[in-house]
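Quick notes on the structure that follows.
Quick note: the coordinates plus some simple rules give every number you see, no bench work behind them. Fair warning: this is a prediction, and the values are worked out from it, not measured in the lab. Note: ideal-geometry Cβ built from the backbone for every residue, glycine included; neighbour counts use all protein chains shown.
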Ligand SMILES: Cc1ncc(COP(=O)(O)O)c(C=O)c1O
């Protein structure tokens, strides 16, 4: 919808200037192979479905009454699984909401927030939204974070690890190096993809009073449709997030989200089996694409970032799309010759490889 300047006079002036985040599309095409938004190709634990059904059995009260504003049952389940105290846990409506509260709680400072030029594209959006000053630091030519760049005066640091969309793991010792160099600013590690092969910085939380680790149930727990994210940090940082949350929405976690996520955190065996499957499928797909001539960055995530030197990436994305396969293409400097491809089941990945081999690269 096109809004005219006259209609826009009703908008708050700063809203007129916003450049909102554009999520990956969710098209309704038959026989679609959707490898564009890093969802998990497998369903959540069967125990999740049972937990939701139980709520429906008592739906009158479950729907009539407000949910627990503190989501304490969920915080306890996360604390147990992450081996931290419940005071170390904050939960929100998807890690996007947790990140929004993080920006408000910590990053509105005199000095700029530091983050890489290629990273999760919501960070510039939140920065604009909350009036956060930023300094963008380029990744090196191999798309790696340059640790020494993060040793300059700053008002906070946010790093996705493994990074998105590059899929590269920075490693825990580099993260610790950054934490030690910045004792007076909050360092946030966004671990949306950590369960697919990187080491979590949660193990550092008790030692660093400036660390916030953010995770989600959307990828490794197959719960993107529920919207459950969380942060782990020392209690003085969690208190700031609670203050922001309780100034915005007292009940961000609905009853279904709480019960389903609890069931997911309690089924560790399913979580580990499914993640191992995705990792095995990733390694197989990387080998197959490399054979077709693709250059694939080393991935520790449930997606890969790949380029084909002989073909324009934008064209490749369109040709796949014409055949019902959607991958993510970013028409942005430095990465406009790459495709971000979510790892599907082995069968789905095979369809991608066969389509490339037999229909596009012939
Ligand atoms: C790096 C990163 N952080 C956070 C998110 C948000 O995840 P959610 O809001 O589903 O928890 C995403 C989603 O794609 C992501 O890629």
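Worth pointing out:
- Length gained when the stretch residue 7-residue 312 is fully extended (0.36 nm per residue, less Cα-Cα span): 105.7 nm
- Distance between the pseudo-spin-label points of residue 345 and residue 321 (7 Å out from Cα toward the beta carbon): 2.6 nm.
- FRET efficiency, 1/(1 + (r/R0)^6) with R0 35 Å, evaluated for residue 65 and residue 206 via beta carbons: 0.45
- Here the sum of -39500 (n - 2.57) over DSSP H runs of 4 or more residues, divided by the residues of the chain, equals -11000 deg cm²/dmol at 222 nm, to the nearest 500.
- Across 16, 321, 340, mean-square fluctuation computed from a Gaussian network of the chain (C-alpha pairs under 10 Å connected) peaks at 16.
- Peptides 26-39, 195-208 ranked from most to least packed, by the mean per-residue count of other Cβ atoms within 10 Å: 195-208, 26-39.
- Candidates 142, 254, 169, ranked by Gaussian network fluctuation over the chain, Cα under 10 Å, top entry: 142
- Against the rule of thumb 2.2 N^0.38 Å, how large the Cα Rg of the range 47-267 comes out: 1.02
- GNM flexibility winner over the chain from 271, 230, 107 (Cα, springs under 10 Å): 271
- Inter-centroid distance (Cα atoms) of the range 122-156 relative to the range 284-325, Å: 27
- Packing order of peptides 109-118, 209-218, highest average first: 209-218, 109-118 (average count of other Cβ atoms within 10 Å over each peptide's residues).
- Gain on full extension, evaluated as 0.36 nm per residue between residue 358 and residue 177 minus their Cα-Cα distance, stands at 60.4 nm.
- Where a label projected 7 Å from the Cα of residue 251 along Cα→Cβ would reach, residues of the range 68-84 with amide N under 15 Å: 68-72
- Ellipsoid semi-axes in whole angstrom, largest first, where each is sqrt(5λ) of the Cα gyration tensor of the range 146-254: 23, 19, 11
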